[in-house]
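Undergrad: Got a structure for you, written out below as structure tokens; questions coming shortly.
Just so it is clear, none of the values below were taken in a lab; they were calculated from the coordinates. Not measured: the values here are computed from a predicted model. Here Cβ is always computed from backbone atoms with ideal geometry, including for glycine, and neighbour counts include all displayed protein chains.
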Ligand SMILES: C[S@@+](CC[C@H](N)C(=O)[O-])C[C@H]1O[C@@H](n2cnc3c(N)ncnc32)[C@H](O)[C@@H]1O
């Protein structure tokens, strides 16, 4: 006699995978944020960190909060998006931008820069300072985007712990800064506040690299330490977005642990400084666009 088909009990690890999948689905269906193409191992790690920080016990309880507690979205996004940054992070990259990219940008009457995944804004202020010192800032427009609204708010304020200032000052000098970083901030108690004049050519905006389209016509796209969180197909989609945003001969700068090598869109770019992940969009007339 044939009885009902019984499935073997699931191992805990499989159960966790189901919970993670349901959480990611809820995030998309309830709030429109699509994490389904993020690199699975690091996404799972961050969801589990959220379980710990929220003391929910299970991922399913996070999913319930996502569905029923509107305010929980911001908490979830903050936990999943890792808005960690530094001023002049990887100073060699900023030095190379000054030495290898700015001389070309100087040939444009108006310079548009898209800084995607700006987190708390440290890179935005770093770029503004470098452009100012190169005499290019008056012609520049920086579009600084992120999909994390809290991070954007923080970026606009430009307030950071004073204990970071020593390291950032060293980075600034290593990047070729010509003054003292302290000239660009005021310090009060445990905090520093970046000179808000540095924001005069910055527009902060919410933009999601997964679901939104081309943001602006850019001469330089800086997107560092964001693609590492994406799966290969999503990285390629994002690189195609950057390619479509750039003028011919425009520059792309990625994080030092990120690369164009594997991506089908890579054929459109050539390396300006391969080690520092600075690329240029193929152009029949380099320097124009
Ligand atoms: C580790 S931080 C990188 C910050 C800075 N670019 C740097 O390298 O120091 C990654 C940032 O990417 C943002 N991010 C992640 N996924 C995104 C997406 N789909 N669209 C826009 N920003 C995203 C996060 O919110 C976070 O602020």
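Undergrad: For the range 187-213 and the range 219-280, what is the separation of their Cα centres, given in Å?
TA: That distance is 22 Å.
Undergrad: Could you give the radius of gyration (one decimal) and Dmax (whole number) of the Cα atoms in the chain, in Å?
TA: Radius of gyration, then largest Cα-Cα span, for the chain: 21.4, 86 Å.
Undergrad: For the chain, find the longest principal axis of its Cα atoms and tell me its angle to the long axis of helix 232-245, 0 to 90°, nearest 10.
TA: Helix 232-245 sits at roughly 30 degrees to that axis.
Undergrad: Could you give the angle, 0 to 90 degrees to the nearest 10, between helix 122-133's Cα long axis and the longest principal axis of the Cα atoms of the chain?
TA: With both axes taken from Cα atoms, the answer is about 10 degrees.
Undergrad: Another question about this same structure. Between the range 104-173 and the range 60-102, what's the alpha-carbon centroid distance in Å?
TA: Between the Cα centre of the range 104-173 and that of the range 60-102, the gap is 15 Å.
Undergrad: Any idea what angle helix 59-68 forms with the longest principal axis of the chain, computed on alpha-carbon atoms, 0 to 90 degrees, nearest 10?
TA: In the chain, helix 59-68 runs at an angle near 80 degrees to the longest axis.
Undergrad: Okay, next question. Given a cut-off of under 8 Å on Cα pairs at least six residues apart, what relative contact order in percent is computed for the range 12-81?
TA: 35 percent
Undergrad: At 222 nm, what value in deg cm²/dmol follows for the chain if DSSP H runs of at least 4 each add -39500 (n - 2.57) and the sum is divided by all its residues, to the nearest 500?
TA: -11500 deg cm²/dmol
Undergrad: Separation between the residue 173 and residue 205 pseudo-spin-labels, each 7 Å from Cα along Cα→Cβ, expressed in nm?
TA: So the two model labels end up 3.9 nm from each other.
Undergrad: Under 18 Å from a point placed 7 Å out from the Cα of residue 193 along the Cα-to-Cβ direction: which residues of the range 154-187 have their backbone N that close?
TA: Backbone N within reach: 154-165, 182-187.
Undergrad: While we're on this one: May I ask what percent, to the nearest 5, of DSSP beta bridges between residues of the chain are antiparallel?
TA: For the chain, the DSSP antiparallel bridge percentage is about 45.
Undergrad: Determine, for 51, 84, the number of other Cβ atoms within 10 Å of each Cβ, and report the residues in order from fewest to most. The partial results should precede the final answer.
TA: Numbers: 51 19, 84 11.
Ordered from fewest to most neighbouring Cβ atoms within 10 Å, 51, 84 come out as 84, 51.
Undergrad: Then there's this: Between residue 56 and residue 34, what FRET efficiency follows from the Cβ-Cβ distance if R0 is 22 Å, with the result rounded to 0.05?
TA: 0.45
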